[in-house]
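First comes the structure, then the notes that go with it.
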Amino acid sequence: MKTNLNMLHEILAKLQRKSQISLLRKHPNVSFKEIKLGTSNHFILHGNLKKVSIGEGGRFRNYVHVLVQQNASLEIGNNFFMNNFCSINCLDSISIGDNTLFGENVKLYDHNHAYETHPNFKLYSSEFTTAPIKIGNNCWLGSNVTVLKGVTIGDNCIIGAGSTIHKDIPSNTTVINHQELIFKTHQ
């Protein structure tokens, strides 16, 4: 038997999902066919973004964050799955192909803070450099993968857990984050 607290949690989760679906439906530059949202997903869509399109069968698990800034575009293909705690941060352009899966905590950033190194280092906290991200069809990005600006990942790729992708990956490639474990015996 469900407790009152569990019932309240389910009601709030359902209301939050309806609110996010309503936000997507009302935006003039957003299109989607069929999506399923988990608990506590958060979409931040600026009014004058270029486009957001989500294909049929898009599934977003729990605690997903999607930001699409002004003049940016996000395109997601059919049968896309995003696991818990993932985020898409789009200031330029991000494209994700059909049948692509994200493990938990995958992060996409098509931008970086602008900075100068000479003569004195200076970071511009409100200025960004941008470059598109393109992820092909039939890809699997494992847990804790980060994809940085300007990267193209070809079709049929597997990106191993914990990888930071900062350069292009050709189609039909598996990327392994090779970390050496060092064991020290204590006496």
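Can you give me the relative contact order of the chain as a percent, contacts being Cα pairs under 8 Å and 6 or more apart?
Relative contact order comes out at 12 percent.
Mind listing the long-range amide H neighbours of Cys86? Cut-off is under 5 Å, sequence gap 5 or more, other chains count too, H placed in the peptide plane at 1.01 Å from N.
For Cys86, whose amide H was placed from the backbone, the distant partners under 5 Å are His65, Asn105, Val106.
Mind listing which trypsin sites (Lys or Arg not before Pro) in the stretch 118-168 are in a DSSP loop and have 10 or fewer other Cβ atoms within 10 Å?
In loop regions of the stretch 118-168 (DSSP not H, G, I, E or B), the sparsely surrounded trypsin sites (Lys or Arg not before Pro) are Lys167.
Hey, if you put +1 on the Cβ of every Lys and Arg and -1 on every Asp and Glu Cβ in the chain, which of Gln187, Ser73, Asn41 ends up farthest toward the positive end of that dipole?
Asn41
With charges only on Cβ, +1 for K and R and -1 for D and E, what is the dipole size of the chain about its Cα centre, in debye, rounded to 20?
In debye, rounded to 20, the chain gives about 660.
Residue by residue through the stretch 28-37, which ³J(HN,Hα) values in whole Hz follow from phi under the Karplus form 6.51 cos²θ - 1.76 cosθ + 1.60 (θ = phi - 60°), with glycine and proline marked x?
x, 10, 10, 9, 7, 9, 8, 10, 10, 10
Using mean Cβ contacts within 10 Å as the protection proxy, how do 23-32, 74-83 order, highest first?
The packing order, highest mean first, is 74-83, 23-32.
Among 89-96, 63-70, how do they line up by average Cβ neighbours within 10 Å per residue, starting with the highest?
Top of the packing list down: 89-96, 63-70.
Over the chain, average the accessible area per residue using a 1.4 Å probe and give it in Å², no decimals.
61
Roll a 1.4 angstrom probe over the protein heavy atoms and tell me the percent of accessible area of the stretch 87-173 that is carbon or sulfur.
Solvent-exposed carbon and sulfur of the stretch 87-173 make up 50 percent of the total.
Could you tally the net charge around Asn144, taking each other residue with its Cβ under 9 Å from the Cβ of Asn144, Lys/Arg +1 and Asp/Glu -1?
For residues surrounding Asn144, the net value is 0.
Going by amide H atoms built from the backbone, whose H comes under 5 Å of the H on Asn156, apart from near neighbours?
Result for Asn156 returns Asn137, Asn138, Cys139, Asn172.
The values are calculated or read from the model by the stated rules, or taken from the named source; none is laboratory data. Here the structure is a predicted model, which means the values were calculated and not measured. Cβ: placed from backbone, ideal geometry, glycine included. Neighbour counts: every protein chain shown. Heads up: the accessible areas ignore ligands, DNA and RNA and are worked out on the full protein's heavy atoms, side chains in. Shrake-Rupley method; radii C 1.70, N 1.55, O 1.52, S 1.80 Å.
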